[in-house]
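The values are calculated or read from the model by the stated rules, or taken from the named source; none is laboratory data. Predicted model only: the values in this text are computed from it and were never measured. Using ideal geometry, Cβ is built from the backbone for each residue, glycine included, and neighbour counts are taken over all protein chains shown. The area values use the complete protein model at the heavy-atom level, side chains included, leaving out ligands, DNA and RNA. Shrake-Rupley method; radii C 1.70, N 1.55, O 1.52, S 1.80 Å.
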Amino acid sequence: MGSGAETDLITLGRRIRHLRTAQGLTLDALGEKVGSAPSLLSLVENGRREPRLGLLRSIAEALGVPMSELLSAEPPSRRAALEIALDRAQRGPLFTTLGVPAVKPSQKLPMPVLEQLVGLHDELARREQMAIATPEEARRANTELRLEREARDNHYPQFEAVAEQLVKAAGYTGGALTHRTVARMAEQMGFTLLHVDDLPRSARSVTDLRNGRIYLPPASTPGGHGLRSLALQALAHRVLEHDRPRSYGEFLRQRVEITYFAAACLAPQFVAVPFLEAHKRERDLAVEDFRDAFGITHEAAAMRLTNLATHHLGIPLHFLRVGADGALFRGYANDGLPFPQDVTGAIEGQLICRRWAAREAFERRDRATEFYQYTDTPAGTFWCSTQTGSMSPSGGPDGGSGAFSITVGVPYAHAKWFRGRDTQVRRSSTCPDPACCQRPAPELTARWSGEAWPSGRMHQQILAALPRGAFPGVDDAEVYAFLDKHAPE
Ligand SMILES: [Zn+2]
């Protein structure tokens, strides 16, 4: 359906005109049959006048069609669809601000001109939408999506089904999905994967629909998983029949969908669920095993676990990706973990509690294995498993750089299914109470207040707000502790 009653009137008018001209009737002839002035019928056909029900009934009778035929929302032809689109665009607020003359979408306009005008209007509307997507809107859209995912346990059966069907058709039976299988999936959809080193900086991949080619970064990019994932995400746009996004919200939703599809291909449900169920029975669930069994990154494995654990294993859980500065880069929780939030409800860019495993893990020297911790919070006790890692300064395909930690955690009652449940590490967090860890200790404040002048680091993530602190982007508690540690006696 279009946008409201006006659109429907335009479609109705086009359908009447289409049926009338198809029968070789003039406006005068139809007017005579239905007992109305041709000028009124012309207004109706142009969508400028809403016909009374009685007139509509007479028109249907005169044209020998049922009423439903007139009232269908379908444009009667490709040409009519274009005429309707042009008419609608020219009546819209965006066009009226341009101050250029309108074109009457009449029979005289050649089809290629009509096609181009509608194409230009569509592109104009899309660019306008993109331009007004402020960071705040982006954050709201992102929050909306996260809440939707949390409400449905981050499980999307339709993506699971289509991924399973495609990997099976390409011959996948279990284990890590190979490059060869991904290439075969692409072939079966009519695409060839090509690696190039001059991709546009703003694109992660580019698909040539005309020639059936998907361009990806060079094969030498570190991390084979990243390339398989990028190729699958490019395919996902086709599989899931995406159009060019018209808003930031749509752009984000598509990103969530293609990421989900790629993950569902890399660790398909029909293999991943029995794997996880077996480990649950053994009370030996571990993200690192899941990661290794399917040859994916720790982050991808952790995220994939959120797709499957609640729906299939009955385990609520949370996921966090946190930078070394303590700012949350990405988060998900359907287990009640109290994420810090800004006024819009966004969690990205918020500093998470210093006592949480996601930050305590940075203090460890041995970072090769998972770090386990129980954390008491105002919302209950959680068990968490954290793995730290680092990326090249240029960041990954998804932005983000430097050291980070990936955490998967569950409420205390569910820790029993996981390896590492016997950890003795236990911390207590009272965040968002500022006295927990955000505010510098009183004696440090007394010593350093007014004597500290750190130069703030710029945050680059668009979704990230600046962490709280006396200076933009600076964490006083950390600065003071640092100064104290290095201060001469
Ligand atoms: Zn805290």
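In the stretch 414-452, of all residues being more than 16 Å from the ligand (Cβ to nearest atom) and among the acidic types (Asp, Glu), the one that is surrounded by the most Cβ atoms within 10 Å (Cβ to Cβ) corresponds to GLU443. The requirement of being touching a Ser or Thr at 6+ places or on another chain (Cβ under 9 Å), assigned to a helix (DSSP H, G or I), open to solvent by less than 40 Å² (accessible area, probe 1.4 Å) and among the charged types (D, E, K, R) is fulfilled somewhere in the stretch 287-297, by at least one residue. The residues on offer are GLU128, GLU144, and the sole one that is modelled with pLDDT under 85, open to solvent by 60 Å² or more (accessible area, probe 1.4 Å) and assigned to a helix (DSSP H, G or I) is GLU128. Can you tell me which residue is most open to solvent (accessible area, probe 1.4 Å) among those in the stretch 331-365 that are free of Cβ contacts under 8 Å to residues at least 24 places away in the same chain and away from the ligand (no atom under 16 Å from the Cβ)? Across the stretch 331-365, the extreme among qualifying residues is ARG365. For the stretch 44-67, give me each residue that is in a helix (DSSP H, G or I) and within 13 Å of THR11 (Cα to Cα). Selection gives VAL44, GLU45. Hey, does the stretch 264-280 have a residue that's hydrophobic (A, V, I, L, M, F, W, C), assigned to a helix (DSSP H, G or I), closer than 30 Å to ARG126 by Cβ and open to solvent by less than 20 Å² (accessible area, probe 1.4 Å)? Looking for residues that are hydrophobic (A, V, I, L, M, F, W, C), assigned to a helix (DSSP H, G or I), closer than 30 Å to ARG126 by Cβ and open to solvent by less than 20 Å² (accessible area, probe 1.4 Å), one finds at least one in the stretch 264-280, hence yes. In this structure, does THR192 turn out to be without any contact (Cβ under 8 Å) to a residue 40 or more places away in the chain and touching a Lys or Arg at 6+ places or on another chain (Cβ under 7 Å)? Judged against the criteria, THR192 is a match. Look at the stretch 429-440: where a residue is more than 18 Å from ASP342 (Cα to Cα) and a partner is open to solvent by less than 40 Å² (accessible area, probe 1.4 Å) and more than 6 Å from the ligand (Cβ to nearest atom), sitting 6+ places away or on another chain with Cβ atoms under 8 Å, you get SER429/TRP356; SER429/THR375; SER429/THR377; PRO440/ASP476; PRO440/ALA477; PRO440/TYR480.
Is one or more of the residues making up the stretch 104-121 touching a residue at least 60 places away in the same chain (Cβ under 8 Å), open to solvent by 80 Å² or more (accessible area, probe 1.4 Å) and under 30 Å from ARG91 (Cβ atoms)?
No, the stretch 104-121 contains no residue that is touching a residue at least 60 places away in the same chain (Cβ under 8 Å), open to solvent by 80 Å² or more (accessible area, probe 1.4 Å) and under 30 Å from ARG91 (Cβ atoms).
With respect to being part of a helix (DSSP H, G or I), crowded, with 18+ Cβ neighbours inside 10 Å, touching a residue at least 24 places away in the same chain (Cβ under 8 Å) and not aliphatic (A, V, I, L, M), GLN233 fits the description. ALA403 meets the stated requirement of being aliphatic (A, V, I, L, M), open to solvent by less than 40 Å² (accessible area, probe 1.4 Å) and modelled with pLDDT under 90. For the stretch 308-330, a residue qualifies if it is open to solvent by less than 10 Å² (accessible area, probe 1.4 Å), within 19 Å of the chain's Cα centre (by Cα) and not hydrophobic (A, V, I, L, M, F, W, C), and exactly one does: HIS318.
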